[in-house]
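The values are calculated or read from the model by the stated rules, or taken from the named source; none is laboratory data. In this text the structure is predicted, and so the values were computed from the model without any measurement. Glycine also receives a Cβ, built like all others from the backbone with ideal geometry; neighbour counts cover every protein chain displayed.
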């Protein structure tokens with residue numbers, strides 16, 4: 001491995017792997033640090049029907065494997081692990097990778113480390129991710145057309161998810177632990193006006209059924225006022241609308257972030273540090289789609305190519 005890399009790419013989802021394809025084809029010999037959750041959120045998805053080029057759809061993990069193989073064919077290299085610290089104030093940039101003896105040095109950096117969905121933390125929830133449990137209504141709502149669904153949350157994200165799902169669902173139940181909502185007045189009003197949306201307040205989900213059948217058949221609910229009050233609700237899908245957490249911890253204080261920790265970029269992928277670019281969900285809090293992540297990965301790679309050509313030697 002060279003002492004100093006031309007470009008290091010953090011993350012192995014659609015954004016990072018697309019960046020790797022473009023950087024590798026440009027002869028930059030990119031190194032992809034795959035992270036703990038190799039493949040990103042798409043690796044937790046089952047059938048993907050909205051990625052161009054696959055009229056019959058494709059399984060999320062298979063799509064990631066295809067893109068990874070394409071990047072490797074052009075010469076991209078891969079290493080496991082995650083970044084624990086970064087020093088971006090001098091050239092070359094330095095990254096500490098867990099379990100590595102020496103820092104990783106690079107002339108350019110693409111951060112495509114993604115954002116992880118907030119989950120409830122239930123064992124049954126984890127077991128049913130991709131089988132009726134999802135954090136992406138636009139990705140998976142279509143699969144439950146004509147059925148009843150649940151959205152968990154009380155903010156704007158939950159309201160947006162619920163309203164989107166009414167396009168497919170016979171009914172959408174918003175489950176929230178309180179009667180008070182963090183959602184903006186206008187978003188809450190729109191949700192309340194939608195005749196397909198039902199409200200389950202002062203309640204929390206304690207279990208998602210049915211792990212044995214490998215599909216969601218219902219949920220067990222508990223009152224937040226009286227722990228002895230529990231009941232079950234038949235349901236076909238559970239969507240988490242409680243937000244995402246961008247994987248930006250090593251860069252806080254060095255790169256500009258918004259109040260929720262997403263990297264702030266200008267001209268699509270440029271950060272406030274020369275030679276450092278951001279792509280995918282780590283800087284996109286609006287679209288969160290595989291295809292838009294891939295697009296920003298392409299943009300970041302093209303910017304790196306220009307940066308390195310300008311700073312040759």
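Put simply, of 28, 63 the only residue that is closer than 20 Å to residue 106 by Cα and at pLDDT 90 or above is 28. The lone criterion from (1) in contact (Cβ under 8 Å) with a residue 12 or more places away in the chain; (2) outside the structural domain of residue 39 (by TED's automatic domain parsing) left unmet by residue 112 is number (2). Before we move on, is residue 62 farther than 26 Å from residue 249 by Cα and outside any strand (DSSP E or B)? So residue 62 fits the description; yes.
Among the residues of segment 245-256, the ones that are free of Cβ contacts under 8 Å to residues at least 12 places away in the same chain and assigned to a loop (DSSP other than H, G, I, E, B) come to 1 in all. I need the full set of residues from segment 221-241 which are in contact (Cβ under 8 Å) with a residue 60 or more places away in the chain and over 27 Å from the mean Cα position of the chain (by Cα), in order please. Within segment 221-241, 233, 234 qualify. What are the residues in segment 277-305 that are touching a strand residue (DSSP E or B) at 6+ places or on another chain (Cβ under 6 Å) and part of a helix (DSSP H, G or I), if any? Matches in segment 277-305: 281, 282, 300, 303, 304.
Of the residues making up segment 142-170, those that are in contact with a strand residue (DSSP E or B) (Cβ under 6 Å, 6 or more places away or on another chain) and part of a helix (DSSP H, G or I) number 5.
So, residue 198, is that one assigned by TED's automatic domain parsing to the domain that holds residue 159 and either at pLDDT 95 or above or in a strand (DSSP E or B) (or both) or not? Talk me through it step by step, then tell me what you get.
Values: assigned by TED's automatic domain parsing to the domain that holds residue 159: yes; either at pLDDT 95 or above or in a strand (DSSP E or B) (or both): yes.
Yes; evaluated as a whole, the condition is true for this residue.
Restricting attention to segment 74-106, the residues that are within 22 Å of residue 301 (Cβ to Cβ) and either free of Cβ contacts under 8 Å to residues at least 12 places away in the same chain or in a strand (DSSP E or B) (or both) total 12.
If a residue must be part of a loop (DSSP other than H, G, I, E, B) and at pLDDT 95 or above, how many such residues does segment 226-244 contain? Spell out how you get there, then give the answer.
Within segment 226-244, the first condition is being part of a loop (DSSP other than H, G, I, E, B), and the residues that meet it are 226-229, 235-236, 241-243.
Narrowing the set further to residues that are at pLDDT 95 or above leaves 229, 235-236.
So the answer is 3.
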